[in-house]
Each structure stands twice: as C-alpha cells, then as structure tokens.
1. Closer than 22 Å to residue 35 by Cβ and exposed (fewer than 14 other Cβ atoms within 10 Å of the Cβ) - does that describe any residue in the range 81-97?
2. Just one of the numbered conditions (1) over 10 Å from the mean Cα position of the chain (by Cα); (2) touching a residue at least 12 places away in the same chain (Cβ under 8 Å); (3) part of a helix (DSSP H, G or I) is not true of residue 79; which one?
3. Quick check, is residue 91 within 20 Å of residue 30 (Cβ to Cβ), in contact with a helix residue (DSSP H, G or I) (Cβ under 7 Å, 6 or more places away or on another chain) and either free of Cβ contacts under 8 Å to residues at least 60 places away in the same chain or outside any loop (DSSP other than H, G, I, E, B) (or both)?
4. Among the candidates 28, 44, 64, 108, single out the residue that is modelled with pLDDT under 95, surrounded by 15 or more Cβ atoms within 10 Å (Cβ to Cβ) and not in a helix (DSSP H, G or I).
5. Name the one entry in 20, 59 that is under 14 Å from the mean Cα position of the chain (by Cα), over 30 Å from residue 102 (Cα atoms) and assigned to a helix (DSSP H, G or I).
Amino acid sequence: MRIYQQRLLWLIGLVSIIKLVVAGSIELGNDEVYYWTYALQPDLNHFDHPPMVGLLIRLSTFNLLVVNDITMRLGAIICSGLAAWLLYRTGDSLAHERTGWYAALIYLTAVYSSIIAGLF
C-alpha cells in the first residue's frame, strides 16, 4: 500500500471517530428530524427530496431497530469517508497520488464538509 493511501485511511478513521463522538453528544437538528420522517414513511416521490436520505437512515439504523443520534448520522459519516476516498482516487488518476491526498485532506478538514454537512 502506498504511503498516501495509508495516511488517508488513518485520517478517514480519525475523522470518523471524531464525528461519531460529536454525533453522540449533539441532539438531532431540525433537518435531521425531518429526514427521520423519510425513513418512517418511505416513498419514491417525497415533495422536496428523493428517497435516498430515508433509505440511508433505514440502513444505518438497521431498519429502524437501533435508533439513536449516532445511528441516525452513521450513514452521513460513512458517506463522508467514501467521498474522501473518491476524491483521493480522482486526484491520483488525474495528476499524482499527492494531489489526491491534498484534495481529501482539504475535504476532511474543511469546516463545512466535515462538521456541518457531515453530521447534519
């Protein structure tokens, strides 16, 4: 495994652990409670959102069996790690491995993508 891949996996793991701790200590926001209704009443044509949000919540809560603040946000945290990995792979294929590393590093450490969009 290349050095930047190892660094990225460690960084994704560290950021995910931090997000899990934060997710467990902050109550659900208004949007998250709204998304919860998508999981409770799945439908293909909700008025303002496609069904993926509800399906992701259903997956992360094990079909609504384990429902708490962490499992409600687990899908977003996993998707954030996957997005960082895809950024790395894109930068690696377009230019150099280091380019992908910096792209993923900026994504994971940016306040908007790491905290606001990653949890809420």
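1. Yes; the residues of the range 81-97 include at least one that is closer than 22 Å to residue 35 by Cβ and exposed (fewer than 14 other Cβ atoms within 10 Å of the Cβ).
2. Status for residue 79: all satisfied but (1).
3. no
4. Within the list 28, 44, 64, 108, the selection yields 28.
5. On the way: 20 fails: over 30 Å from residue 102 (Cα atoms).
It is 59.
The values are calculated or read from the model by the stated rules, or taken from the named source; none is laboratory data. The shown structure was predicted, so the numbers you read here are calculated from the model rather than taken from an experiment. Cβ sites come from the backbone with ideal geometry, for glycine too, and all protein chains shown count toward neighbours.
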